[in-house]
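Trainee: So that we are looking at the same thing, I have put the structure below in structure tokens.
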Amino acid sequence: MKNNSLEKITEYIQKNDNYLIIGHIDPDGDAIGSIMAFKFLLDNLNKNSILLLHDDMRKEYKILFKYLKPKDYYIYKNDDELSKLNKYPNAIVLDSANIDRLGNFKELIQGCFKVNIDHHYDNSKFGDLNYVNSNESAVGKIIYDLTKTIPIDIKKPLGTAIALAVLADTGSLKYPNSDPDSFRLIANLKEKGIDIVEINRFLQSFSSLKYLKLLSKGLANINIDKSGKIAWLVLSSSDIKEIGIDDNEIKSLVNYPRDIRGVEVGISFVEKQDNFIDISFRSLNYVDVSDIAHKFNGGGHPRASGTKIEGNLNEIVNKVLTEVKKNV
Ligand SMILES: [Mn+2]
């Protein structure tokens, strides 16, 4: 369960070949940016590799997929097809605190030599090699550091993927985890000609009109507690059905309650399927929301965490709020 150095990881990657590359289920920008960046990095080293995708995100992440060929990735269909991927002895696992975060690929990955690169402080260090650094703002930042230890030149696809990862996890350099290194990384990539404006526009735009309509329903249902420090947004499965949006398209809505002035903890409750509730937590300054998420079998970072719970929406909202109030 020990941590290895970045040099050790570099050495392993240089000596070996044939890699699966995977990030966590329900991927965010850091997970997508990181797996893409690793693909471009391995291509640059002439190493054979394939990206494992939990679902189809080619349309949404066109900004990165335009640099890939169909043979560069596999989109999960069924377990029977996974045997085709047995010829890959190595797996690079990114932005995933534990092996359960790998969804349908969990069994496949378990048979590989695992290189685990992450920044979640609660990472279980499940890898055969582990580089876990919770001081880093994004996994994309760690991959950026690898481009120096290897070293390789950052071309547009790699630079775009790294920038997207870092901008996603730092809220475009607005969140408290935006350390000087994150600013320097973005400045360096901008100097190399990476279109930071385009990436920010992508991250800050709405995926569709349906999404915006769903958001407006959520915004109409924001509540704030008496102290003004806890705000939460609730979307029921009937709200979602009414809009007719695909539940894959529903991304994090938790920033809206969190962004009310004076609020310390923002929470979103999204009932994607009947009685299956996705919960996200964000805090501003001092509440450790990963602690709260852990109490409900979830995980994450001190300022950003989440979980999924099965049950009645109203009951769960009340139960979670009771717990949050103890921590604020
Ligand atoms: Mn991340």
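The values are calculated or read from the model by the stated rules, or taken from the named source; none is laboratory data. Given the structure is predicted, the values throughout are model-derived calculations rather than measurements. Note that we place each Cβ from the backbone using ideal geometry, even for glycine, and neighbour counts take in every protein chain shown.
Trainee: Consider Y175 against the criteria (1) in the same structural domain as I240 (by TED's automatic domain parsing); (2) within 16 Å of the ligand (Cβ to nearest atom): it satisfies all of them except one. Which criterion is unmet?
Mentor: Only one criterion in (1) in the same structural domain as I240 (by TED's automatic domain parsing); (2) within 16 Å of the ligand (Cβ to nearest atom) is unmet by Y175, namely (1).
Trainee: I've got another one for you. Could you list, in sequence order, all residues of region 99-119 that are within 16 Å of the ligand (Cβ to nearest atom) and at pLDDT 95 or above? Walk me through it before giving the result.
Mentor: Of all residues in region 99-119, those within 16 Å of the ligand (Cβ to nearest atom) come to 101-102, 116-119.
Listed by number, the residues that qualify are L102, N116, I117, D118, H119.
Trainee: Out of A304, A293, report the one residue that is within 16 Å of the ligand (Cβ to nearest atom) and under 21 Å from G218 (Cα atoms). Show your work before the answer.
Mentor: Working: A293 fails: under 21 Å from G218 (Cα atoms).
After applying the criteria, what remains is A304.
Trainee: How many residues are touching a residue at least 40 places away in the same chain (Cβ under 8 Å) and in a helix (DSSP H, G or I) if we restrict to region 212-230? Lay out the reasoning, then the answer.
Mentor: If we filter region 212-230 for residues that are touching a residue at least 40 places away in the same chain (Cβ under 8 Å), which is where we start, we get 215, 218, 225, 227, 229-230.
Those left that are additionally in a helix (DSSP H, G or I): 215, 218.
Residues meeting the conditions: 2.
Trainee: Quick check on I267: is it assigned to a strand (DSSP E or B), outside the structural domain of D122 (by TED's automatic domain parsing), of a type in the set (V, I, T) and within 27 Å of N133 (Cα to Cα)?
Mentor: So I267 passes the test.
Trainee: Considering only residues that are within 21 Å of the chain's Cα centre (by Cα), surrounded by 15 or more Cβ atoms within 10 Å (Cβ to Cβ) and more than 16 Å from the ligand (Cβ to nearest atom), which ones fall in region 68-92?
Mentor: Applying the first criterion (within 21 Å of the chain's Cα centre (by Cα)) to region 68-92 yields 68, 72-76, 91-92.
From the residues that got through so far, the ones that are surrounded by 15 or more Cβ atoms within 10 Å (Cβ to Cβ) too are 68, 72-74, 76, 91-92.
Scanning region 68-92 gives L68, D72, Y73, Y74, Y76, A91.
Trainee: Taking interchain pairs and intrachain pairs at least six residues apart, which have beta carbon atoms under 9 angstrom, with the first residue in region 114-134 and not assigned by TED's automatic domain parsing to the domain that holds N90 and the second away from the ligand (no atom under 13 Å from the Cβ) and at pLDDT below 95?
Mentor: Final answer for the pair search is none.
Trainee: What do you reckon, is K77 without any contact (Cβ under 8 Å) to a residue 12 or more places away in the chain, more than 17 Å from D55 (Cα to Cα) and charged (D, E, K, R)?
Mentor: Values: without any contact (Cβ under 8 Å) to a residue 12 or more places away in the chain: yes; more than 17 Å from D55 (Cα to Cα): no; charged (D, E, K, R): yes.
No; evaluated as a whole, the condition is false for this residue.
Trainee: Picking from L233, L253, L203, which residue would you name as being in a loop (DSSP other than H, G, I, E, B), touching a Ser or Thr at 6+ places or on another chain (Cβ under 8 Å) and of a type outside the set (G, A, S)? I'd like the intermediate steps shown before the answer.
Mentor: Numbers: L233 fails: in a loop (DSSP other than H, G, I, E, B); L203 fails: in a loop (DSSP other than H, G, I, E, B).
None of the other options fit; the residue is L253.
Trainee: Pick from region 32-56 the residues that are within 15 Å of V115 (Cα to Cα) and within 12 Å of the ligand (Cβ to nearest atom): which of them is surrounded by the fewest Cβ atoms within 10 Å (Cβ to Cβ)?
Mentor: I35
Trainee: Something else: Name the one entry in D95, D169, D122 that is within 16 Å of the ligand (Cβ to nearest atom), at pLDDT below 95, under 20 Å from the mean Cα position of the chain (by Cα) and crowded, with 16+ Cβ neighbours inside 10 Å.
Mentor: On the way: D95 fails: at pLDDT below 95; D169 fails: at pLDDT below 95.
Every option except D122 fails the conditions.
Trainee: Now a separate question. Checking D26 against (1) more than 16 Å from the ligand (Cβ to nearest atom); (2) within 17 Å of the chain's Cα centre (by Cα); (3) not β-branched (V, I, T), which test does it fail?
Mentor: Result: D26 fails condition (1) only.
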